[in-house]
Amino acid sequence: MWVHLAVFVCWLVLGGQGQDRASFRRSGDRNGRCQYTFTVDSPVESSCRSSIGGPEAENLSARLTLLEAVVSRVLGAEGLTEAAREAADVQETRRLVQDKEQLDRQVQELRRRVEELTMETEKLREKPCPLVQADPTDGFGVMKGSGPVTNGEFQELKAELSELPAPAKVRENVQNNTGLEKSGCGELVSVGEPETHQKAESITGKYGMWFQDPVATGRPYGPNTVWRINAVGKDVKELYAYENLEQLARGFPMKVVVLPEPVESTGATVYRGYLYYQQRRSPTLLRFDLASEKIVARKDLPQAGFHGKYPYSWGGYTDIDLAVDEQGLWAIYSTDKAGGAIVLSQLDPESLEVIRSWKTNVRKNKVANAFMICGRLYTVASYSTNTTTVNYTFDTASGKSKMLDVPFHNRYRYNSMIDYNYAKKKLFAWDNFHMVTYEVKLGGF
Ligand code: CA
């Protein structure tokens, strides 16, 4: 009864709000009791929670749509036929083959270019290469230029000789070298006209030196081998070897030796298979084996001035000048004790020890160059005067000196090296880029 009353009250209360949206239903349950059911719509439809529908349903729907799209793509890819896949593989393979062929062609082209560069390098190596010069004094203490040096310290020689005290032997055990002289020796009578063999190709060859070994050993270089050094530069190390004079004239060296130590000046010489030279900026003499290409001896020349202290008149750091004649190896230089006069020392060719020394009475910076013939020192008056003279000689056998007046021709007017080759009976000289020789005549046998 109370239940019927409660339902009725609720129906009255809600009836005003629900009105036509409310419903009421009465039925019996299994037990025979009456069951009343009424349904009332919510005044705000969206506030009524539902297990299905609303934002969650929309969200779920959107996710489902995306999932369907993914599934569709997957199914589509899987749906490609095997033939299509193979076609794609073939196309990719072709593309890779084309790429490989193109790369092969590029490799071939690079190899060809490398071969060309290698050949070009070999050709360049066969020619003397110019050296970089940054020193305004061209590494020689001589200002660059083609004319004679005008620096006050290296003024042109005026054939002037300064008298100094008589020669003095340094060692007590002086040997009489008269007996060492070989047949054919004598005093210089005349010097022939210069014969030009080659002209240097670049500025590095304005000064230089060149030689043939008067006692070539043939291991492996014979008497015809020509050795050449372009001497302009701070770090002169290239020693060029030519098979003979003809190859020198053609400009085809057979070898370029890189010396382990840089060369100073133009005073080197070649003797019995060795190059003898002064190490740059030092009084150190080096004996370089041309066969093994190694330095086999080094020795300081005692008290020798170097690097511009006692040069020849043209400068060029020509402080120490090495020479070879019938009697062996010599050094022409000066010392503080000698006061700038030429000191002449005979050297042991193996150890480079001084065997004996003489002081002459000619100032080194007053002569252009010097050479040895048969134990006699000769000096040339001028390096740049077209017609000059061999103006002085000093005989180590007698210890006496005398003035000479043997004509000498500086054809190219800048003679930076003069060296005697007793096997050829010729003077080798380097005159303003030119490699020249002079026939000499000796007398008084
Ligand atoms: Ca010389």
> Quick check: anything in the stretch 347-357 in a strand (DSSP E or B), surrounded by 22 or more Cβ atoms within 10 Å (Cβ to Cβ) and more than 16 Å from the ligand (Cβ to nearest atom)?
Replying inline: yes
> Which of (1) more than 29 Å from GLY444 (Cα to Cα); (2) in contact (Cβ under 8 Å) with a residue 60 or more places away in the chain; (3) more than 15 Å from the ligand (Cβ to nearest atom); (4) of a type in the set (S, T, N, Q) does SER416 not meet, given it meets every other one?
Replying inline: (3)
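Going by the structure shown, is TYR383 part of a strand (DSSP E or B) and within 14 Å of the ligand (Cβ to nearest atom)?
Working: part of a strand (DSSP E or B): no; within 14 Å of the ligand (Cβ to nearest atom): yes.
Against the criterion (part of a strand (DSSP E or B) and within 14 Å of the ligand (Cβ to nearest atom)), TYR383 does not qualify.
Looking at PRO311, PRO302, which one is within 16 Å of the ligand (Cβ to nearest atom) and closer than 17 Å to ALA341 by Cα? Give the derivation first.
Numbers: PRO302 fails: within 16 Å of the ligand (Cβ to nearest atom).
Selected residue: PRO311, the only one of PRO311, PRO302 that is within 16 Å of the ligand (Cβ to nearest atom) and closer than 17 Å to ALA341 by Cα.
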> Name the residues in the stretch 350-375 that are under 29 Å from ASP289 (Cβ atoms) and among the basic types (Lys, Arg), would you?
Replying inline: ARG356
>> Considering only residues that are under 26 Å from GLU195 (Cα atoms) and outside any strand (DSSP E or B), which ones fall in the stretch 249-287?
In response: ALA249, ARG250, GLY251, PHE252, PRO253, MET254, SER265, THR266, GLY267, ALA268, ARG272, GLY273
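Can you tell me which residues in the stretch 365-380 are within 14 Å of the ligand (Cβ to nearest atom), in contact (Cβ under 8 Å) with a residue 40 or more places away in the chain and either under 19 Å from THR284 (Cβ atoms) or hydrophobic (A, V, I, L, M, F, W, C) (or both)?
Initial filter on the stretch 365-380 (within 14 Å of the ligand (Cβ to nearest atom)): 367-373, 376-380.
Filter once more, so that each one left must be in contact (Cβ under 8 Å) with a residue 40 or more places away in the chain: 367-373, 376-378.
Across the stretch 365-380, the qualifying residues are VAL367, ALA368, ALA370, PHE371, MET372, ILE373, LEU377.
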>> Given the condition surrounded by fewer than 24 Cβ atoms within 10 Å (Cβ to Cβ) and aromatic (Phe, Trp, Tyr), answer yes or no: does some residue in the stretch 368-388 qualify?
In response: no
> Are there any pairs with C-beta distances below 6 angstrom linking a residue in the stretch 266-286 that is among the charged types (D, E, K, R) to a residue that is away from the ligand (no atom under 16 Å from the Cβ) and assigned to a loop (DSSP other than H, G, I, E, B), with the two at least 6 apart or on different chains, and if so which?
Replying inline: ARG272/VAL215; ARG280/PRO262; ARG281/HIS307
>> Take the residues in the stretch 222-280 that are among the aromatic types (Phe, Trp, Tyr), over 17 Å from GLY205 (Cα atoms) and within 16 Å of the ligand (Cβ to nearest atom); name whichever of them is nearest to the chain's Cα centre (by Cα).
In response: TYR277
>> Looking only at the stretch 315-327, count every residue that is more than 15 Å from the ligand (Cβ to nearest atom) and out of contact with any helix residue (DSSP H, G or I) (no Cβ under 7 Å at 6 or more places or on another chain) and tell me the total.
In response: 1
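Looking at PHE408, PHE428, PHE394, which one is closer than 23 Å to GLY184 by Cβ, at pLDDT 95 or above, in a strand (DSSP E or B) and in contact with an Asp or Glu (Cβ under 6 Å, 6 or more places away or on another chain)?
On the way: PHE408 fails: in contact with an Asp or Glu (Cβ under 6 Å, 6 or more places away or on another chain); PHE394 fails: in contact with an Asp or Glu (Cβ under 6 Å, 6 or more places away or on another chain).
Going through PHE408, PHE428, PHE394 in turn, just one is closer than 23 Å to GLY184 by Cβ, at pLDDT 95 or above, in a strand (DSSP E or B) and in contact with an Asp or Glu (Cβ under 6 Å, 6 or more places away or on another chain): PHE428.
The values are calculated or read from the model by the stated rules, or taken from the named source; none is laboratory data. Remember, predicted model here, so these are calculated numbers, not experimental data. A quick note on method: Cβ atoms are made from the backbone with ideal geometry, for glycine too, and the neighbour counts reach across all protein chains shown.
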